[in-house]
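The values are calculated or read from the model by the stated rules, or taken from the named source; none is laboratory data. No experiment lies behind these values; they were computed from the predicted model shown. No Cβ is skipped: glycine too gets one built from the backbone with ideal geometry, and neighbour counts run over all protein chains shown.
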């Protein structure tokens with residue numbers, strides 16, 4: 001009878017261990033990176049296709065001026081609207097631009113589509129720098145213009 005009770009007790013312990021996972025729950029890891037996402041839209045009255053527009057981030061205005069891209073993605077969508085998401089961004093301060101090289105010349109030309117997070121004025125865009133923190137998703141929407 002004693003063996004039967006010990007066997008029953010051992011089975012109850014095993015069922016308890018299996019149903020509880022046998023280990024304590026581990027805390028979620030602390031996030032170390034951020035995400036930047038947003039929508040690109042064409043200025044009212046402008047037509048074009050924003051799909052595959054390059055959206056890039058820079059750590060300084062000088063990096064933007066010299067096209068030293070920190071990270072970039074291609075926006076997806078069609079017509080006058082597209083969305084993008086840049087993941088695994090280190091916490092810090094950034095500038096963002098979007099450029100659609102319409103003629104695939106690898107240089108800015110008239111009829112290319114261009115925008116910045118800030119005011120997309122040409123030829124002097126007014127950037128608005130922004131900060132991201134670990135675990136944060138920052139939304140940076142951009143209105144695109146046609147380069148003259």
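Below, the figures for the structure above:
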quantity	calculated
Options 113, 147, 121; residue that is more than 20 Å from the chain's Cα centre (by Cα) and at pLDDT 95 or above	113
Residues of the stretch 29-58 satisfying the condition of being free of Cβ contacts under 8 Å to residues at least 60 places away in the same chain and surrounded by fewer than 17 Cβ atoms within 10 Å (Cβ to Cβ)	29, 44, 45, 47, 49, 51, 52, 54
Number of the exception - residue 43 against (1) modelled with pLDDT under 95; (2) over 22 Å from residue 139 (Cβ atoms)	(2)
Verdict on residue 98 being part of a strand (DSSP E or B) and either touching a strand residue (DSSP E or B) at 6+ places or on another chain (Cβ under 8 Å) or on the phi > 0 side of the Ramachandran plot (or both)	yes
Residue among 70, 113 that alone is in contact with a strand residue (DSSP E or B) (Cβ under 9 Å, 6 or more places away or on another chain), over 19 Å from residue 134 (Cα atoms) and surrounded by 14 or more Cβ atoms within 10 Å (Cβ to Cβ)	113
Of the criteria (1) under 17 Å from residue 131 (Cα atoms); (2) at pLDDT 95 or above; (3) under 17 Å from the mean Cα position of the chain (by Cα), which one residue 32 fails	(2)
Test for residue 70: is it in contact (Cβ under 8 Å) with a residue 24 or more places away in the chain and under 30 Å from residue 30 (Cβ atoms)	yes
